[in-house]
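The values are calculated or read from the model by the stated rules, or taken from the named source; none is laboratory data. All figures in this text were calculated on a predicted structure; none of them were measured in a lab. Using ideal geometry, Cβ is built from the backbone for each residue, glycine included, and neighbour counts are taken over all protein chains shown.
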């Protein structure tokens, strides 16, 4: 689907998902490498997500992860995957597990 045919709210919702991932990543005080290791995603893809970008070439494109990626992120970050795609919920804090 070309970016000019996406619904108007797509960009805002996609950016919110990226903000939620970054917030939880920071909450856990993880390095990028730890998130890479926990998800099996490439380092570059994790960098794009954490910087709220969906493309190397289009710096204005928001993240647009697949369902598989959303589940990997949620599992690694110990949050409900539905939280990541529930656009009625803003960025929230969650308890940090004690290790």
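Annotations
- Region 65-79, residues that are surrounded by 16 or more Cβ atoms within 10 Å (Cβ to Cβ) and not in a loop (DSSP other than H, G, I, E, B): 69, 70, 72, 73, 74, 76, 77
- Condition met for residue 21 (within 9 Å of the chain's Cα centre (by Cα), surrounded by 14 or more Cβ atoms within 10 Å (Cβ to Cβ) and closer than 20 Å to residue 98 by Cα): yes
- Top-ranked residue of region 43-64 - restricted to ones that are out of contact with any helix residue (DSSP H, G or I) (no Cβ under 7 Å at 6 or more places or on another chain) and either at pLDDT 90 or above or part of a helix (DSSP H, G or I) (or both), ranked as surrounded by the fewest Cβ atoms within 10 Å (Cβ to Cβ): 44
- Selection count where residues are assigned to a helix (DSSP H, G or I) and either in contact (Cβ under 8 Å) with a residue 12 or more places away in the chain or over 13 Å from residue 73 (Cα atoms) (or both), scope region 11-42: 22
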